[in-house]
Amino acid sequence: GENVEQHPSTLSVQEGDSAVIKCTYSDSASNYFPWYKQELGKRPQLIIDIRSNVGEKKDQRIAVTLNKTAKHFSLHITETQPEDSAVYFCAASRNRDDKIIFGKGTRLHILP
Amino acid sequence: AAGVIQSPRHLIKEKRETATLKCYPIPRHDTVYWYQQGPGQDPQFLISFYEKMQSDKGSIPDRFSAQQFSDYHSELNMSSLELGDSALYFCATNAQGALPYGYTFGSGTRLTVV
């Protein structure tokens with residue numbers, strides 16, 4: 001089955017700096033890669049996703065890149081703000097209607 | 001806009017008791033996924049239903065069962081509860097083949113087994 005590795009497990013960045021979280025996946029049939037933000041005790045919230053026919057996608061301060069050959073994808077957050085502090089999960093799925101497999105998560109701390 | 005509704009929000013049970021968690025999808029969503037998230041862990045896929053039929057099964061213990069009803073709501077039944085079952089249980093729903101992409105998660109049920 002699919003295995004998603006995520007790094008780092010914890011990341012601290014100064015407010016205003018950029019944050020990068022990296023993931024790899026094992027199942028070459030995976031073609032949908034969502035990213036979720038989760039605050040303590042709350043539901044995971046989809047922040048951006050990318051499909052395998054696209055190499056990069058951007059939404060304001062958030063961007064995701066995908067390298068299907070290398071089976072890795074990354075989340076980039078620019079101009080970080082205190083409200084970006086949360087746990088971020090990458091995930092992979094064979095298609096958007098299939099179960100999604102999550103990475104272990106990255107706890108992002110934005111330092112004042 | 002209507003969201004995915006889960007009930008109850010919190011549940012405290014004793015070991016060996018049973019629990020039933022409910023999930024009400026967004027209108028016109030026909031697929032339900034159940035996830036279990038232990039403290040400090042990632043959500044683990046348990047089971048999913050599409051059009052009232054089980055569509056996939058993950059790491060769901062034999063003590064757990066689930067079903068989807070004619071109105072598309074789903075229930076997760078948990079028996080012989082163990083301390084290790086204490087977790088956040090999320091359901092997520094979507095409409096197969098429809099936009100937008102991605103699940104919508106419910107607010108979760110926090111189950112505490114004592």
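Nothing in this text is a laboratory measurement; each read-out follows from the coordinates by a stated rule. Computed from a predicted structure; not experimentally measured. Glycine also receives a Cβ, built like all others from the backbone with ideal geometry; neighbour counts cover every protein chain displayed.
Tell me which strands (runs of 3 or more DSSP E) are completely within the stretch A:1-81 and hold 3 or more residues being surrounded by fewer than 14 Cβ atoms within 10 Å (Cβ to Cβ), or say none if there are none. Before you say what the answer is, go through the steps one by one.
Details: elements: A:4-7, A:10-14, A:19-25, A:32-38, A:45-51, A:56-59, A:62-67, A:72-77.
Counting at least 3 such residues, we get A:10-14, A:56-59.
Which residue, of A:Ile110, A:Ile101, is crowded, with 22+ Cβ neighbours inside 10 Å, over 10 Å from the mean Cα position of the chain (by Cα) and of a type outside the set (Ser, Thr, Tyr)?
A:Ile101
Of the residues A:Thr80, A:Thr65, which single one is β-branched (Val, Ile, Thr), out of contact with any helix residue (DSSP H, G or I) (no Cβ under 7 Å at 6 or more places or on another chain) and within 19 Å of A:Val13 (Cα to Cα)?
Details: A:Thr65 fails: within 19 Å of A:Val13 (Cα to Cα).
The conditions single out A:Thr80.
Return the pair list, or none, for Cβ contacts closer than 9 Å from residues in the stretch A:96-112 that are within 10 Å of A:Glu5 (Cα to Cα) to residues that are of a type in the set (Ser, Thr, Tyr) and surrounded by fewer than 20 Cβ atoms within 10 Å (Cβ to Cβ), at least 6 apart or on different chains.
These pairs meet every condition: A:Gly103/A:Thr24; A:Lys104/A:Ser9; A:Gly105/A:Ser9.
Quick check on my filter: what residues within the stretch B:82-114 are among the polar types (S, T, N, Q) and either more than 9 Å from chain A (Cβ to nearest Cβ) or part of a loop (DSSP other than H, G, I, E, B) (or both)? Don't jump to the end; show me each part of the working.
Step one: of the stretch B:82-114, the residues among the polar types (S, T, N, Q) are B:86, B:93-94, B:96, B:104, B:107, B:109, B:112.
B:Ser86, B:Thr93, B:Gln96, B:Ser107, B:Thr109, B:Thr112 - these are the residues of the stretch B:82-114 that are among the polar types (S, T, N, Q) and either more than 9 Å from chain A (Cβ to nearest Cβ) or part of a loop (DSSP other than H, G, I, E, B) (or both).
Does at least one position in the stretch B:61-78 carry a residue that is within 12 Å of chain A (Cβ to nearest Cβ) and closer than 26 Å to A:Tyr32 by Cα? Steps first, please.
From the stretch B:61-78, those within 12 Å of chain A (Cβ to nearest Cβ) are none; that's our starting set.
No, the conditions are met nowhere in the stretch B:61-78.
Checking B:Asp71 against (1) over 26 Å from A:Leu40 (Cβ atoms); (2) buried (at least 21 other Cβ atoms within 10 Å of the Cβ); (3) of a type in the set (D, E, K, R), only one condition comes out false. Which one?
Result: B:Asp71 fails condition (2) only.
Does the stretch B:66-73 contain any residue that is of a type outside the set (S, T, N, Q) and not in a loop (DSSP other than H, G, I, E, B)?
Restricting attention to the stretch B:66-73, the residues satisfying the condition of being of a type outside the set (S, T, N, Q) are B:66, B:69, B:71-73.
Checking the rest, the ones that are also not in a loop (DSSP other than H, G, I, E, B) come to B:66.
Checked against the condition, which is being of a type outside the set (S, T, N, Q) and not in a loop (DSSP other than H, G, I, E, B), the stretch B:66-73 yields at least one hit.
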